[in-house]
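The values are calculated or read from the model by the stated rules, or taken from the named source; none is laboratory data. All values reported here derive from a predicted model rather than from experimental measurement. Positions of Cβ are generated from backbone atoms using ideal geometry, with glycine treated the same way; all protein chains shown enter the neighbour counts.
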Amino acid sequence: MKTCLITGSNGLLGQKLVYNLINRTDINLIATSIGENRLINKSGYTYEPLDITNKQEVENIIAKYKPDVIINTAAMTNVDACETKREECWALNVTAVKNFVDAIASDVQRPTSDIKLPTQFIHLSTDFIFDGEKGSEYLETDTPNPQSYYALSKWEGEKVLMQSDIKWAVARTIIVYGIVDNMSRSNIVLWAKDALTKGQTINVVDDQFRAPTLAEDLAEGCISIADKGATGVYNLSGKETMSVLDLVYCVADFWKLDKSLINPIKSNTLNQAAKRPLRTGFIIDKAKRELAYAPHSFAEGLQILDKQLSLINR
């Protein structure tokens with residue numbers, strides 16, 4: 001049996017990973033996050049509160065469970081907040097990664113008789129590490145050029161792994177959407193649907209292009225990395241790159257909402273603290289080939305989300 005530890009288990013991807021792995025008889029599942037467990041289903045796994053920025057807490061949990069796999073979904077992802085709360089951003093996105101690297105290396109070297117094979121550390125990263133100048137065809141081997149502090153922190157977190165001696169993999173993704181238990185944050189699909197359902201006018205940028213990623217697809221990709229013991233960088237995103245405006249139009253069309261409420265604007269009118277790359281998108285051929293990664297289309301993803309919402313609203 002393989003022990004798998006998930007950080008950020010209260011978040012969107014973290015919950016999808018827990019629910020995907022919860023019934024696998026070959027997995028001893030450890031879910032960790034800040035504070036109390038927000039998942040409705042609290043059986044079939046062990047929950048441990050964990051502050052990944054606390055080096056001692058990380059060392060303790062590695063020593064306690066000796067995980068074969070760690071999937072690190074915890075991060076500070078509010079791009080604008082990262083510009084103003086730089087110490088917090090760095091602690092969560094860089095220092096925490098170093099905490100795990102050090103704890104894994106230390107645990108492997110500990111002279112005990114029950115040492116396992118080196119822990120595989122799977123780390124989530126982002127398209128924002130690129131400047132967007134290349135467009136929607138980024139490969140795993142392209143050179144990052146972060147344009148914001150958030151992006152810089154995610155790239156520096158990747159480099160901590162790349163310069164380490166542990167067994168690592170990086171899963172880069174783009175604009176993840178979905179729904180989970182007791183959500184503390186929304187995402188662009190749910191935000192647009194909710195606002196338009198309420199008859200609110202919304203401003204949506206028409207000059208930023210992204211490949212929306214269904215959370216279930218991303219979870220499957222991460223689990224495939226774990227199951228195969230894969231290492232290196234993998235692009236795990238949706239397969240269609242579209243403007244954010246077209247994304248929101250698709251949301252409106254799917255739920256038959258009023259598209260006249262959608263006001264197209266340019267990015268430079270928003271006065272956002274952090275600069276965003278205008279156009280990102282991934283070539284996901286490597287993940288398809290090596291991980292059997294098969295993401296849904298955006299239309300299929302909306303259908304899956306609609307079914308989940310209908311079950312919640314019964």
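Miscellaneous remarks
- Yes/no for Gly301 being in contact with a strand residue (DSSP E or B) (Cβ under 9 Å, 6 or more places away or on another chain), in contact (Cβ under 8 Å) with a residue 24 or more places away in the chain and not in a loop (DSSP other than H, G, I, E, B): yes
- Condition check for Asn145: at pLDDT 95 or above and crowded, with 21+ Cβ neighbours inside 10 Å: no
- For Asn182, the conditions (1) in contact with a Lys or Arg (Cβ under 6 Å, 6 or more places away or on another chain); (2) in a helix (DSSP H, G or I) all hold with the exception of (2).
- Looking only at residues of the range 239-297 that are among the small types (Gly, Ala, Ser) and part of a strand (DSSP E or B), we find that the one that is farthest from Ala151 (Cα to Cα) is Ser243.
- The residues of the range 12-40 that are outside any loop (DSSP other than H, G, I, E, B) and in contact with an Asp or Glu (Cβ under 8 Å, 6 or more places away or on another chain), listed by number, are Gln15, Lys16, Asn20, Ile30, Ala31, Thr32.
- Flag for Leu291 being in contact (Cβ under 8 Å) with a residue 40 or more places away in the chain, closer than 21 Å to Thr173 by Cβ, buried (at least 17 other Cβ atoms within 10 Å of the Cβ) and among the hydrophobic types (A, V, I, L, M, F, W, C): yes
- Tally of residues being β-branched (Val, Ile, Thr), in a helix (DSSP H, G or I) and surrounded by fewer than 17 Cβ atoms within 10 Å (Cβ to Cβ) across the range 186-211: 1
- Inter-residue pairs, beta-carbon under 8 Å, first of a type in the set (Phe, Trp, Tyr) and in the range 154-182, second part of a loop (DSSP other than H, G, I, E, B), 6+ apart: Trp155/Pro144; Trp155/Pro146; Trp168/Thr231; Tyr177/Asn187; Tyr177/Pro212
- Some residue of the range 185-205 being of a type in the set (D, E, K, R) and touching a strand residue (DSSP E or B) at 6+ places or on another chain (Cβ under 7 Å): no
- Residues located in the range 304-314, provided they are of a type outside the set (Lys, Arg) and part of a helix (DSSP H, G or I): Ile304, Leu305, Asp306, Gln308, Leu309, Ser310, Leu311, Ile312
- Residue among Ser43, Ser9 that is assigned to a loop (DSSP other than H, G, I, E, B), farther than 17 Å from Leu218 by Cβ and at pLDDT 95 or above: Ser43
- Evaluating Thr25 against the criteria (1) in contact (Cβ under 8 Å) with a residue 60 or more places away in the chain; (2) within 29 Å of Lys228 (Cβ to Cβ); (3) of a type in the set (Ser, Thr, Tyr) leaves one unmet condition, (1).
- Taken as a whole, the structure leaves Asp246 outside the set of residues that are under 15 Å from Tyr293 (Cα atoms) and surrounded by fewer than 18 Cβ atoms within 10 Å (Cβ to Cβ).
- From the options Asn78, Asn54, residue that is surrounded by fewer than 23 Cβ atoms within 10 Å (Cβ to Cβ), in contact with a helix residue (DSSP H, G or I) (Cβ under 9 Å, 6 or more places away or on another chain) and either under 25 Å from Thr173 (Cβ atoms) or hydrophobic (A, V, I, L, M, F, W, C) (or both): Asn78
- Taken as a whole, the condition of being without any contact (Cβ under 8 Å) to a residue 40 or more places away in the chain and under 21 Å from Tyr150 (Cβ atoms) does not apply to Asn235.
- Scanning the range 132-161 for residues that are charged (D, E, K, R), in a loop (DSSP other than H, G, I, E, B) and closer than 24 Å to Thr231 by Cβ yields Glu140, Asp142.
- Checked against the criterion of being of a type in the set (Phe, Trp, Tyr) and out of contact with any Gly (no Cβ under 6 Å at 6 or more places or on another chain), the range 245-253 contains one or more residues that satisfy it.
- Of the helices (runs of 4 or more DSSP H) entirely within the range 51-126, those holding at least 3 residues that are over 19 Å from Val18 (Cα atoms) and modelled with pLDDT under 95 occupy 96-109.
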